[in-house]
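*Asks:* Below you will find the structure I want to go over with you.
The values are calculated or read from the model by the stated rules, or taken from the named source; none is laboratory data. Fair warning: this is a prediction, and the values are worked out from it, not measured in the lab. Methodologically, a virtual Cβ is constructed for each residue, glycine included, from the backbone with ideal geometry; neighbour enumeration extends over all protein chains shown. Accessible surface areas use protein heavy atoms only, side chains included; no ligands, DNA or RNA. Shrake-Rupley method; radii C 1.70, N 1.55, O 1.52, S 1.80 Å.
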Amino acid sequence: MGWIDKLNMGVARTPFGRWFRLEGSGAKIERAGSKFSIELRAGLTTFVAMAYIISTNALILTDSGGTCDCDRNEYGASCDNDPAYDSCLQVMKLDMITATCAIACIACVLMGTLANLPIALAPGMGLNAYFAYTVVGYHGTGKVSYQNALSAVCIEGLIFFVISVIGLRQSFARMIPKALKTATSAGIGIYLSFIGLQSSAGIGLITAKSSTLVELGGCPPEYRDSNNVCQSHHMQGGPTWLGVLGLMLIGTMLLYRLKGAILFGILIIAIISWPRKSAVTYFPYTDAGDESFDFFKKVVTFHPIKNTLAAFHWDLSSGQVWIALITFLYVDILDCTGTMFSMAKFGGYMDDRTQDFEGSTMAFLVDSASITIGSVFGSSPVTAFIESGAGIAEGGKTGITTVVAGIMFFIALFFAPIFASFPPWATGPALIAVGSMMMQNIVHINWDYIGDGLPAFLTIIMIPFGYSIGYGLIAGIGSFIFINSFVYIVYKLSRGRIVPPNFNSRDDWLGFIKRGGIKSNIAPWILRLFGKKPASITEYDSTSNNSITDDAMQVDELKEISVERSR
């Protein structure tokens, strides 16, 4: 037995190991295959895959102008040459770097400790862009002030917390058909890969084109226009080919089951990209490159939040504020719920009988609390990150993975120059590789029945094409309701005589209610409040006429998944 095995065994036998249900801990339900050393590596991988959010979120939110002010026209142009305004924006950017690291640290530690899930949280991409460019507007040219928008985010978090406590959010999530949950995971995999192929957070292999929307990119930076679109010299950019090399390295290491394959791949490409005299440097000799390199050279620094801490303005009289609040609510609930369920499916935590995953209630509570805390720091809504799949792919099975990621975000508060300098073509290959892994469950979709298959397909394609997990779920749920409601109405009117040829092969949408009963979908504390006994662990399975124990089922499922992945 090597020292790593002794370390894993020693940690598992401690109260720490039992809390996180490590294998060999003696916990009632252990996470099969979970080992302390693997959790550490998975946490590092998750953090590195998410590290781009530190600088990216700061840049996007800084574009909103924050609390900075100047005499501007409707386009914000008069602010561009104002030295005092530029100085304020620079402070805003540093505030947002600190805020991003701080809220990601708090959210990840809470998620890992309380929900025991390897799902990391941070300010969400997409929501931050909506916050900065649509709600507040570029340099504050929107119809809602930055301070009012933060108030809307804070209220959103409180509303989420309430509906999570009473169980509404969980019940809504359970009602999403099984085919759509599986499709969401596959759609997010394509979405993740699509992000990894772009230049903003990936290798730059795909770029925009007016006639066909997308085309092959890969051009050097000097041949891109102001919108980062290649004008010529396609596939001649060094960073793109370096990113392709990173993908091949990660793929080869994964093929041989080398531990830490994704993390090593990211680090190798990042280190190659740091020297300034290299043709693939992340710090070219430009104004932007000089600024980034000067920040990189600081290595250790800490910037306290100066202007955005609790910068609320509670003027909710504008209809635009309520439009923003409602939009935050429906997009975030669909995005975050879809991400959590897809990560649970990917990690093997989904219970097919209840269509729920272990720790879901606490996960939703942590998510909602993190949204409110993030607004105090001046950040846009916090959400679950699909990059968590990178850590899960490395073997992360418990909340230790997320806690480690949170600790790394805390360290990043002081080493932000390093962690904010991972080039996108270093992290992009990891996103593509993880995306490919998330496609594995697509075979479990019921493609034989069009009432399940078509909504699932729409979900899969609309997530990347609509660039939103929420829009994909809307397309899938909407089409599922229309098709299957029509079938149900015809079935009832014809008294069962007119049905599709393979009607009996459809997924049992509400099977989890039939098997678990209505009580299984109501928060246990609410049942106790009204003197009702919560649903028993042992429930009657109407499909097989057998008693099924939840704990036994989960242990067996996790063991099967662990054995399969260790082969």
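*Asks:* Can you give me the relative contact order of the range 284-437 as a percent, contacts being Cα pairs under 8 Å and 6 or more apart?
*Replies:* After rounding, I find 36 percent.
*Asks:* Taking all protein chains as present, what is the carbon and sulfur share of the accessible area of the chain, in % to the nearest whole number, probe 1.4 Å?
*Replies:* Carbon with sulfur: 65 percent of the solvent-accessible area.
*Asks:* Can you give the direction-averaged projected area of the convex hull of the alpha-carbon atoms in the chain, in nm²?
*Replies:* Reported value for the Cα convex hull: 29.4 nm².
*Asks:* Let me ask another. Rounded, prolate or oblate: which fits the range 116-185, taking a ≥ b ≥ c as square roots of the Cα gyration tensor eigenvalues, rounded meaning a/c under 1.5, else prolate when a/b beats b/c?
*Replies:* Prolate is the answer for the range 116-185, as a/c is 1.5 or above and a/b outweighs b/c.
*Asks:* Roughly how many debye, to the nearest 20, is the charge dipole of the chain about its Cα centre, given +1 on each Lys and Arg Cβ, -1 on each Asp and Glu Cβ, and no other charges?
*Replies:* 1700 debye
*Asks:* Considering Cα pairs under 8 angstrom that are at least six residues apart, work out the relative contact order of the range 373-454 and quote it in whole percent.
*Replies:* Over the range 373-454, the number comes to 25 percent.
*Asks:* What is the packing order of peptides 3-10, 111-118, 465-472, 145-152, taking the mean over residues of other C-beta atoms within 10 Å and listing the highest first?
*Replies:* 111-118, 145-152, 465-472, 3-10
*Asks:* Same structure again: Going down the list K28/K178; K35/K181; K6/K181; K6/K28; K35/K306, which pairs span over 30 Å between their C-alpha atoms?
*Replies:* Violating the 30 Å Cα-Cα cut-off are K6/K181; K35/K306.
*Asks:* Now for a different question. From the protein chains alone at 1.4 Å, what is the descending order of accessible area for F172, F377, F131, largest first?
*Replies:* So the residues, ranked largest to smallest area, are F172, F377, F131.
*Asks:* Additional query: With just the Cα atoms of the range 364-430, tell me how far they stretch along each of the three principal axes, in Å, largest first.
*Replies:* Taking the Cα atoms of the range 364-430, the three principal extents are 32, 30, 19 Å.
*Asks:* Using a 1.4 angstrom probe, figure out how much accessible area the range 127-279 has per residue, in square angstrom, rounded to the nearest whole.
*Replies:* 43 Å²
*Asks:* Quick check: net charge around I418, other residues with Cβ under 11 Å of its Cβ, Lys/Arg +1 and Asp/Glu -1?
*Replies:* Value of the local net charge: +2.
*Asks:* Let me ask something additional. Using Cα-Cα distances under 8 Å and only pairs 6 or more residues apart, what relative contact order does the chain have, in percent?
*Replies:* About 27 percent, as a whole number.
*Asks:* Also, quick follow-up: Let me know the shape class of the range 376-522, please: from the alpha-carbon gyration tensor, a ≥ b ≥ c as square roots of the eigenvalues, rounded when a/c is under 1.5, otherwise prolate if a/b is greater than b/c, or oblate.
*Replies:* prolate
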